[in-house]
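Since the structure comes first, as structure tokens, the remarks are kept for the end.
The values are calculated or read from the model by the stated rules, or taken from the named source; none is laboratory data. The model shown is predicted, which means the values in this text are computed figures rather than measured ones. Heads up, the Cβs are rebuilt from the backbone with ideal geometry, glycines too, and the neighbour counts pull from every protein chain shown. Protein only, heavy atoms only, side chains kept; ligands, DNA and RNA dropped before computing areas. Shrake-Rupley method; radii C 1.70, N 1.55, O 1.52, S 1.80 Å.
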Amino acid sequence: MAVAASGARERLAPVRLRRRAVVAGIVVLWLVLFALLRGRQTLALAAADLTPLHRWFNDVNDTIGADRNSNPLFLYFFNEIRLVIDTLVTFVQTLISQPPDGRPVPQIGWLGVVAIAGYVSWALGNWRVALLAVAGFTFFGLQGLWQESMDTLALTVSAVLVALLFGIPLGVWAGLSPRVNRVLTPVLDFMQTMPTFVYLAPLTLFFLIGPASATIATLIYAAPPAVRITAHAIRSVPATTVEAAESLGSTRAQTLTKVLLPMSRRTVVMGVNQSIMAALSMVTIAALIDAPGLGKTVVQALQSLDVGTAFNAGLAIVVMAIVLDRVTTAAAVRTERGQGSGGRLRRGPLLAAGAVAAAVAAWLSHTYVWAAEFPGEGGAGRSLASAADTVTTWAQEHLSGVTGAIRDVLTNALLNPFQTLLTDSPWWLTGLVLVALGTVLGGLGAGGTAAVCVGLLVGTGVWQDAMTTLASTVVATLLVLLLGVTVGVWMGRSALADRIVRPGLDAAQTMPPFVYLVPFLALFGASRFTAIVAAVVYAAPVTVKIVADGVRGVPGTTVEAAAAAGSSTWQLVTKVQLPMSRGALVLATNQGLIYVLSMVVVGGLVGAGALGYDVVAGFSQGELYGKGLAAGLAIVLLGVMFDRITQAAAGRTTRVPGGR
């Protein structure tokens with residue numbers, strides 16, 4: 001086997017050298033032609049200018065708005081869906097966040113919500129997560145963000161309920177039927193690789209701006225994890241167990257309800273966990289289409305550069321993410337333990353007593369104002385915001401030299417030259433370079449995909465903004481890879497480092513994207529660089545994990561053989577472990593690109609400009625709606641192009657020429 005692997009590496013080496021030489025040749029030719037043709041045919045478009053496509057999108061938007069209450073498609077389909085979702089969201093909001101007609105406060109006040117949250121956490125998990133839930137929900141009130149937090153929770157709960165209503169049955173079907181799984185997989189891939197903001201613009205076209213569109217966008221984003229993980233859970237049940245049940249005469253329904261679902265319950269609960277995390281992330285982003293809650297507070301604060309308020313609301317989002325994550329994780333653990341121990345029966349009297357106590361608290365909060373309105377005026381939140389403002393002022397006064405130097409060096413030495421190369425080259429030259437690089441790195445299929453995406457990018461009318469975004473994305477991805485390889489190799493080589501770093505990465509992955517902007521806005525101000533740094537921090541955790549797993553997957557015998565031959569640590573890393581985990585590195589590049597692209601619109605809130613600004617402006621200014629929609633399509637095209645190229649490159653990296 002070692003001989004075969006060695007032969008494979010020997011066959012791959014000349015191919016890689018030729019490929020690198022071709023890439024270098026393409027870049028050199030590009031630079032030469034750029035010097036000759038700079039500034040010609042760049043398809044520049046001013047911020048307020050529109051193309052015929054943008055005007056057509058605006059006309060479609062106006063036409064739909066005019067026909068919304070007369071067209072049968074809207075009367076009997078889209079409007080009905082919006083009505084159902086609106087009814088569900090309004091019902092949940094009136095329960096915990098918004099006062100219904102005839103009442104000054106919601107049906108369940110803060111005391112009831114805290115008690116129910118604590119009881120449910122204890123019943124599904126354990127007393128530790130119950131205490132965490134009580135502390136977390138109380139913290140929302142102390143911050144002065146009780147209603148905003150409950151609005152966010154209401155939208156999250158509504159979206160997750162609908163997502164699970166469709167997601168779990170679809171997941172079970174996909175788990176039982178390979179044919180259904182093959183049909184659903186590309187759809188789920190598309191839904192998960194598409195930048196989150198891209199859902200928003202088309203949905204506002206059909207469902208208007210507001211909570212209904214926000215909830216629909218959120219459930220679309222939250223459903224794929226539930227479908228995938230449920231299908232995986234069903235398929236993971238041992239075939240021998242299913243065969244034993246069928247040999248005893250079980251029907252398909254009995255096998256499903258008595259064997260498959262009980263044995264996959266823990267994994268399904270983990271799918272619920274992932275859906276909740278995805279929903280919370282999306283529901284804060286949906287503030288751009290007027291979704292109420294904490295996301296709206298963060299967006300308004302970011303737009304006015306109010307770091308203190310943004311920090312306070314961002315902290316509430318983090319606390320909510322931690323509480324929901326820990327409760328559902330504990331529920332998954334209890335589900336597994338409870339299957340054989342009968343623990344639920346032993347807790348029966350305590351659960352009944354807890355249910356009575358929670359019901360009493362809910363009744364008090366429904367009846368008395370003191371239990372309905374959170375006491376105080378959010379003094380803790382004001383203190384936190386004031387402290388954040390103080391730290392921001394201190395950082396700007398004392399660290400501005402350092403942060404400004406870092407920003408200027410990276411901007412002037414790397415970002416500006418690369419952006420100039422992309423935006424000032426003729427559009428056809430840049431397009432040809434992208435197609436050629438896609439073909440060389442990913443093959444003819446990837447080159448064809450790049451050609452189609454380049455053509456459609458030109459058609460969107462936002463070519464130059466797309467190239468500006470591409471420059472920021474590539475620079476951010478390079479920084480992500482630098483960070484990912486450095487930390488990932490450290491984690492892959494050291495179990496202690498993995499134990500220290502991994503919890504931080506897990507926590508970072510549960511945070512909604514908006515939260516990343518706040519500290520960097522304080523350090524670097526509103527600029528492209530701030531958006532790039534926030535995207536780097538957002539994309540780094542997944543990249544680090546993939547690189548660490550790739551390095552850890554290198555056979556220990558190979559590493560020991562290289563060490564016995566006298567290799568130093570640097571030689572082990574650069575000559576053995578990184579080359580042998582090349583597939584993981586390409587996958588890390590793919591995920592880094594996708595995660596960075598998903599932050600493009602968030603970056604538009606803090607001065608990143610380009611496509612992110614176009615999308616944000618399209619949501620807020622009616623005359624720019626069409627341009628914003630075209631910018632969203634351009635982000636999708638960039639994501640599809642680079643996803644296909646990097647996936648194809650990953651396949652070619654692990655494929656052996658002439659081998660099987």
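Listing for the model above:
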quantity	calculated
Qualifying residue in the range 300-318 (condition: part of a loop (DSSP other than H, G, I, E, B) and either at positive phi or not charged (D, E, K, R) (or both))	yes
First in the range 545-567 and more than 15 Å from residue 497 (Cβ to Cβ), second anywhere and assigned to a helix (DSSP H, G or I) and open to solvent by 60 Å² or more (accessible area, probe 1.4 Å), Cβ under 6 Å, 6 or more apart	546/587; 554/580
Hey, residue 591 over 26 Å from residue 49 (Cα atoms), part of a helix (DSSP H, G or I) and at pLDDT below 80 or not	yes
Test: residue in the range 52-69 that is free of Cβ contacts under 8 Å to residues at least 24 places away in the same chain, open to solvent by 50 Å² or more (accessible area, probe 1.4 Å) and within 30 Å of residue 312 (Cα to Cα)	no
For residue 292: the one exception among (1) part of a helix (DSSP H, G or I); (2) under 30 Å from residue 311 (Cβ atoms)	(1)
The listed residue being under 21 Å from the mean Cα position of the chain (by Cα) and over 18 Å from residue 612 (Cα atoms), out of 488, 442, 447, 455	488
Selection within the range 34-50 - under 31 Å from the mean Cα position of the chain (by Cα) and either outside any loop (DSSP other than H, G, I, E, B) or surrounded by 14 or more Cβ atoms within 10 Å (Cβ to Cβ) (or both)	45, 50
Failed criterion for residue 96 (all others in (1) in contact with a Phe, Trp or Tyr (Cβ under 7 Å, 6 or more places away or on another chain); (2) open to solvent by less than 60 Å² (accessible area, probe 1.4 Å) hold)	(1)
Of the criteria (1) open to solvent by 60 Å² or more (accessible area, probe 1.4 Å); (2) touching a residue at least 40 places away in the same chain (Cβ under 8 Å), which one residue 186 fails	(2)
Counted residues, the range 238-264 - those being closer than 18 Å to residue 174 by Cβ, surrounded by fewer than 19 Cβ atoms within 10 Å (Cβ to Cβ) and either modelled with pLDDT under 80 or of a type in the set (A, V, I, L, M, F, W, C) (or both)	7
Flag if residue 23 is β-branched (Val, Ile, Thr), assigned to a helix (DSSP H, G or I), open to solvent by less than 30 Å² (accessible area, probe 1.4 Å) and in contact (Cβ under 8 Å) with a residue 24 or more places away in the chain	no
Inter-residue pairs, beta-carbon under 8 Å, first free of Cβ contacts under 8 Å to residues at least 24 places away in the same chain and in the range 88-117, second of a type in the set (S, T, N, Q) and assigned to a helix (DSSP H, G or I), 6+ apart	100/94
Residue satisfying condition, being in a helix (DSSP H, G or I), open to solvent by 10 Å² or more (accessible area, probe 1.4 Å), of a type in the set (Gly, Ala, Ser) and in contact with a helix residue (DSSP H, G or I) (Cβ under 6 Å, 6 or more places away or on another chain), within set 451, 471, 466	451
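Okay, residues lined up against (1) touching a helix residue (DSSP H, G or I) at 6+ places or on another chain (Cβ under 6 Å); (2) over 25 Å from residue 271 (Cβ atoms); (3) assigned to a helix (DSSP H, G or I); (4) of a type in the set (S, T, N, Q):
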position	(1), (2), (3), (4)
112	yes, yes, yes, no
115	yes, yes, yes, no
170	yes, no, yes, no
179	no, no, yes, no
185	no, no, yes, yes
